Amino acid sequence: MNISIVLSTYNGEKYIRKQLDSLLRQTRQPEEVLILDDGSTDNTVHICTDFIKENNLEGWSITCNEKNIGWAENFHRGFEKASGDIIFPCDQDDIWIEDKIALMAGLIEKENINHCSSGKHDNERIGLLICGHIKQIESENSSRRENKSFSNTIRQLPFNKKLIFVDYPGCVYCFTKSFYNEIKGYYFEGYPHDAFLLRMGRLTQKAYYYDFPGIYWRRHLHNATGKPVRTNEEMRGRISYYIDCLESMKKWCIDREESENKRDLIEENIVFYKKRLLAFEKRKIIGRNSLFSCLKYIDFYPKYRSILGDLIRIIH
């Protein structure tokens, strides 16, 4: 199976060279590396262009957007362009461990071949595969890596009450092009690629986690993701987005006549998030359409302490 890497860049001159070096050191090389620059105003494009020329890299290319469209849309454009059977999203500021592609692509190939040969009605067992990471925390004057152990085990990710919660960054994903083609009709503009892939992977029961370290996940002041939602208004927007995601998943189930159990769980989530949205709109803690009424659905929160965050945002 051919491999594509989709690398989204934007003003990443401080970090991009180490990421490019780590891609070039992979023990299994990709057939295609698509670099999509989202309107950088620094030297990111020049660094990437020079790197491709210096190393005479066939299959590597860089495309520059005419205007900034945001990282979420930029990744989806890359996925559409990618020709590989397996696609790896790639952030500009991480460092890949040398056997990331070999281990992840090898597992998908092995499992999906066995799945097909066993006579299953579906053509693949794994559509989305996620690996672990080692967090590398950086400041202006220091860098440190967390001390973390891994089991090298593989497990399927469940479709459960916390189906909205995204607990893995997109930089540790890879997925099959056939899986993406199967789900892309349920994408809507602005839907982050990691959230979209993970939720649809859980829904289709094709999402798996492989517990080995695939990258050094660099965390610094300039990261584009991971910003906390602090205000009432921001949280109302976030909850409305969650409802849109759930409606998209519900449509998937209806279109494919999926089991009632899946649809019922999605419906319950929609009811919960609509109640939660009303509590924020009305700024009510107790009574009808209040935060208190959401306690019935406390298992739908990503973590129990999240309800305390809601309380603070409603008050403020």
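The values are calculated or read from the model by the stated rules, or taken from the named source; none is laboratory data. Source: prediction; values computed, not measured. Neighbour counts run over all protein chains shown; Cβ positions are idealised from the backbone, glycine included.
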If we keep only residues of segment 1-39 that are surrounded by 18 or more Cβ atoms within 10 Å (Cβ to Cβ) and small (G, A, S), then the residue modelled with the lowest pLDDT is G12
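I need the full set of residues from segment 273-304 which are over 19 Å from L163 (Cβ atoms) and among the basic types (K, R), in order please.
Here is the first cut: in segment 273-304, the ones over 19 Å from L163 (Cβ atoms) are 278-293, 295.
Within segment 273-304, K282, R283, K284, R288 meet the criteria.
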Over segment 289-306, the set of residues outside any loop (DSSP other than H, G, I, E, B) and surrounded by 16 or more Cβ atoms within 10 Å (Cβ to Cβ) is S293, C294, Y297, F300
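Residue-by-condition table, conditions (1) within 21 Å of A195 (Cα to Cα); (2) in contact (Cβ under 8 Å) with a residue 12 or more places away in the chain; (3) in contact with a helix residue (DSSP H, G or I) (Cβ under 6 Å, 6 or more places away or on another chain); (4) part of a loop (DSSP other than H, G, I, E, B):
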site: H46; (1), (2), (3), (4): no, no, no, no
site: K53; (1), (2), (3), (4): no, no, no, no
site: I69; (1), (2), (3), (4): yes, yes, no, yes
site: G84; (1), (2), (3), (4): no, yes, no, yes
site: F88; (1), (2), (3), (4): yes, yes, no, no
site: L103; (1), (2), (3), (4): no, yes, no, no
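Would you be able to tell me the number of residues in segment 40-83 that are at positive phi and loosely packed, with under 14 Cβ neighbours inside 10 Å?
Just the residues of segment 40-83 that are at positive phi, to begin with: 56, 59, 70.
Still in the list and also loosely packed, with under 14 Cβ neighbours inside 10 Å: 56.
Going through segment 40-83 one residue at a time, the tally reaches 1.
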Here the residues within segment 275-288 that are in contact (Cβ under 8 Å) with a residue 12 or more places away in the chain and surrounded by fewer than 16 Cβ atoms within 10 Å (Cβ to Cβ) are E281, R283, I285
Residue hits (segment 177-217; over 27 Å from I137 (Cα atoms) and in contact with a Lys or Arg (Cβ under 8 Å, 6 or more places away or on another chain)) are F179, Y186, L203, K206
If we ask which residues in segment 179-191 are touching a residue at least 60 places away in the same chain (Cβ under 8 Å) and either in contact with a Gly (Cβ under 9 Å, 6 or more places away or on another chain) or within 14 Å of Y208 (Cα to Cα) (or both), their number turns out to be 3
